[in-house]
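Contents: one structure, followed by commentary.
The values are calculated or read from the model by the stated rules, or taken from the named source; none is laboratory data. Note that this is a predicted model, so its numbers are computed, not measured. Cβ: placed from backbone, ideal geometry, glycine included. Neighbour counts: every protein chain shown.
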Amino acid sequence: MKVLMSGNEAIARGAYECGARFGAGYPGTPSTEILEEFSKYEGVYAEWAPNEKVALEVGIGAAVAGAKALVTMKHVGVNVAADPLFTVSYTGTNGALVVVSADDPSLHSSQNEQDNRNYAKFAKLPMLEPADSAEAGRFVKIAFEISAAFDTPVFLRSTTRVSHSKSVVVTETPVPYEDRTELRINPSKYVMVPAMARIRRVEVEKHLQALREFAETFPENRMEINNTEMGIITAGMPYNYAKDVLPNCSYLKLGLVHPLPEKLIRKFASLVKKLFVIEELDPFLEEQIRAMGIEVTGKELFSYTNEFDPGVIAGAMMKKTDAAVKLPEVAIPPRPPNLCPGCPHRGLFHVLGKMKTTFVAGDIGCYTLSFMKPLEGLHSCVCMGASIGMAHGMSKALGEKGRGKVVGVIGDSTFIHSGITPLLNLAYNQGDAVIVICDNRTTAMTGMQEHPATGYTLQGAKAKELDFQALAAVLGIDSVRVIDPYDLKNTRTVMKEELARSGSSLVVSRRSCVLFKRRYTETRKPLRVNVNKCIGCRNCLDLGCPPIAWRSFKDQPANEIIKNAKKQEGNSYIDADLCTGCTLCRQVCKVGAIEEVE
């Protein structure tokens with residue numbers, strides 16, 4: 001049956017069709033939907049792990065027990081999982097293990113733009129890269145086959161455009177599930193102490209050599225010989241873009257991007273007059289092809305940064321050839337991101353932004369957007385969990401100069417991911433900083449996924465709910481308090497009190513995400529501005545809440561009577577259709593001009 005699927009949906013479907021029934025991962029755009037979709041199939045087990053390292057270790061355990069295990073994460077998640085990744089390359093697997101790395105060229109939702117093809121080379125693992133949804137579904141099946149045949153984990157690399165774009169996939173009847181799980185005791189293969197790791201290190205090279213030979217005849221590494229004046233070597237989504245712009249050129253389209261088929265590349269190079277490599281981000285293919293002694297043009301034309309599109313490729317190729325067609329330029333107005341109407345983080349960061357002498361070490365989450373005007377309540381963002389470690393390090397480095405001036409903020413899911421250890425470090429090493437967990441009761445930024453503090457698993461089973469207050473007390477934090485960020489007065493009071501005291505503090509800022517399917521908050525009436533009370537002070541605009549806007553008197557509806565028209569230029573206006581009734585604007589209004597809609 002033909003179905004329109006995203007790349008992520010196709011990966012999930014392909015894994016299910018080939019008999020995989022075990023999945024683990026940590027949500028992260030653009031990978032999140034893979035495990036969400038996989039978890040819906042009958043007879044599968046899927047879980048969100050606290051972080052990517054744990055997810056991979058869980059997957060390794062399942063594979064060693066004989067299962068076909070799928071592990072999913074975004075590109076920066078592989079950094080977290082790198083420790084077990086490099087060693088499972090040595091041990092191999094008993095069943096099969098496929099690790100999906102969803103890269104993010106152009107940093108659509110990421111703090112960096114790394115090219116994870118380098119991980120395949122570094123960890124000495126094979127890597128497949130699909131160009132569309134159909135290939136994504138097909139390649140994950142091939143990845144499981146390669147993993148089982150060569151006793152190695154296999155990378156499947158996607159990018160944002162492959163993960164989230166949709167194309168036609170021909171679904172197939174899933175193969176009958178075979179339970180091949182069993183315990184196999186084999187210490188010489190799985191206990192990586194130096195003596196045995198040295199032996200397994202040799203096995204890794206044997207596997208790589210066998211994979212190099214396999215790559216030469218792998219059918220997804222295919223030549224398309226057309227006009228031989230120009231040959232292009234490419235892989236993944238750039239293949240589609242290049243074909244749009246240069247349909248008559250010859251192509252070597254690589255499906256297996258590590259290890260490379262050297263003989264096939266040499267053969268293709270011999271058939272064309274000019275050879276180009278079109279690849280996003282690093283010159284991963286180009287450098288290896290140059291190392292083969294083959295002359296090729298790549299990054300001298302193409303950028304090292306950002307994702308490509310047909311226009312990028314057309315513009316780059318025009319520098320070297322007359323073959324490309326210049327595409328029309330389309331001006332797209334900027335659309336800066338913003339916290340949602342009624343977001344509970346807004347109240348907290350409105351308070352923190354007013355504390356001008358306080359440094360707020362930030363983390364990865366929706367709340368990272370609070371660094372922008374008008375909130376300006378966050379001053380750093382490095383990686384998951386860094387806020388707590390940075391706050392501790394700053395307080396120690398500054399000493400008395402930093403007394404009562406350092407705050408670290410972290411989301412609830414991010415705290416579980418990688419904040420528990422640095423919080424323990426803060427307590428153990430007697431740090432002097434205030435840590436705030438922005439607890440909105442879900443993993444909001446990636447689409448409302450469960451985590452150990454929500455009380456539910458990925459597949460909806462009721463679970464034990466992690467108690468942040470109890471955990472902090474056990475870790476040795478001196479003071480633990482809970483606030484409602486919708487209450488600006490109390491939030492301000494608690495933050496000032498905790499910054500004034502010495503020692504380590506944890507403040508749990510608890511209020512459910514307004515978009516959350518399982519709401520912890522009451523339904524509230526939307527608000528409106530009484531234009532006859534508004535004095536145009538613009539305090540409410542400092543919240544940066546999307547429903548609140550400024551309206552000059554010349555734009556006022558003709559039927560509104562405005563008493564203060566001679567004293568001001570205009571007033572605030574609230575779009576009741578967007579307002580969630582959080583009341584933050586009412587709390588900052590000094591003249592009582594904001595009221596409930598009747």
So which residues in region 148-181 are surrounded by fewer than 24 Cβ atoms within 10 Å (Cβ to Cβ), within 20 Å of residue 9 (Cα to Cα) and small (Gly, Ala, Ser)?
165, 167
Taking residue 572, is it of a type in the set (Ser, Thr, Tyr), modelled with pLDDT under 95 and not in a strand (DSSP E or B)?
no
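Where in region 408-505 are the helices (runs of 4 or more DSSP H), entirely inside, with at least 2 residues that are of a type in the set (Val, Ile, Thr)?
Filter on region 408-505 gives 412-418, 420-428, 488-500.
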Identify the single condition in (1) at pLDDT 95 or above; (2) buried (at least 17 other Cβ atoms within 10 Å of the Cβ) that residue 497 does not satisfy, given that it satisfies every other one.
(2)
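Being assigned to a helix (DSSP H, G or I) and closer than 22 Å to residue 113 by Cα is the filter; apply it to region 371-389 and report the residue that is nearest to the chain's Cα centre (by Cα).
386
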Among the numbered criteria (1) at pLDDT 95 or above; (2) buried (at least 18 other Cβ atoms within 10 Å of the Cβ), which one does residue 94 miss?
(1)
Which one of 194, 187 is within 27 Å of residue 79 (Cβ to Cβ) and either surrounded by fewer than 17 Cβ atoms within 10 Å (Cβ to Cβ) or in the same structural domain as residue 69 (by TED's automatic domain parsing) (or both)?
194
Selection count where residues are touching a Pro at 6+ places or on another chain (Cβ under 9 Å) and either closer than 25 Å to residue 207 by Cα or surrounded by fewer than 18 Cβ atoms within 10 Å (Cβ to Cβ) (or both), scope region 97-123
10
Condition (residue is free of Cβ contacts under 8 Å to residues at least 24 places away in the same chain, surrounded by 15 or more Cβ atoms within 10 Å (Cβ to Cβ) and outside the structural domain of residue 22 (by TED's automatic domain parsing)) applied to region 512-535: is it met by at least one residue?
yes
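Just give me the residues in region 444-455 being surrounded by fewer than 17 Cβ atoms within 10 Å (Cβ to Cβ) and under 22 Å from the mean Cα position of the chain (by Cα), in sequence order. Show your work before the answer.
Within region 444-455, the subset surrounded by fewer than 17 Cβ atoms within 10 Å (Cβ to Cβ) is 447, 455.
447 - this is the single residue of region 444-455 that is surrounded by fewer than 17 Cβ atoms within 10 Å (Cβ to Cβ) and under 22 Å from the mean Cα position of the chain (by Cα).
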Some residue of region 95-104 being closer than 24 Å to residue 236 by Cβ, touching a strand residue (DSSP E or B) at 6+ places or on another chain (Cβ under 7 Å) and in a helix (DSSP H, G or I)
no
I want to confirm something. Restricting to region 74-83 and keeping residues that are surrounded by 20 or more Cβ atoms within 10 Å (Cβ to Cβ) and assigned to a helix (DSSP H, G or I), which single residue is farthest from the chain's Cα centre (by Cα)?
81
Just give me the residues in region 443-488 being small (Gly, Ala, Ser) and within 22 Å of residue 428 (Cβ to Cβ), in sequence order.
470, 472, 473, 476, 479
Members of region 474-507 that are over 10 Å from residue 434 (Cβ atoms) and hydroxyl-bearing (Ser, Thr, Tyr):
486, 491, 493, 502
Residue check for residue 373: assigned by TED's automatic domain parsing to the domain that holds residue 498 and within 18 Å of residue 498 (Cα to Cα):
no
Could you tell me whether any residue of region 395-410 is of a type in the set (Val, Ile, Thr), under 16 Å from residue 513 (Cα atoms) and buried (at least 24 other Cβ atoms within 10 Å of the Cβ)?
yes
Meets criteria (out of contact with any Lys or Arg (no Cβ under 6 Å at 6 or more places or on another chain), at pLDDT 95 or above and hydroxyl-bearing (Ser, Thr, Tyr)) for residue 147:
yes
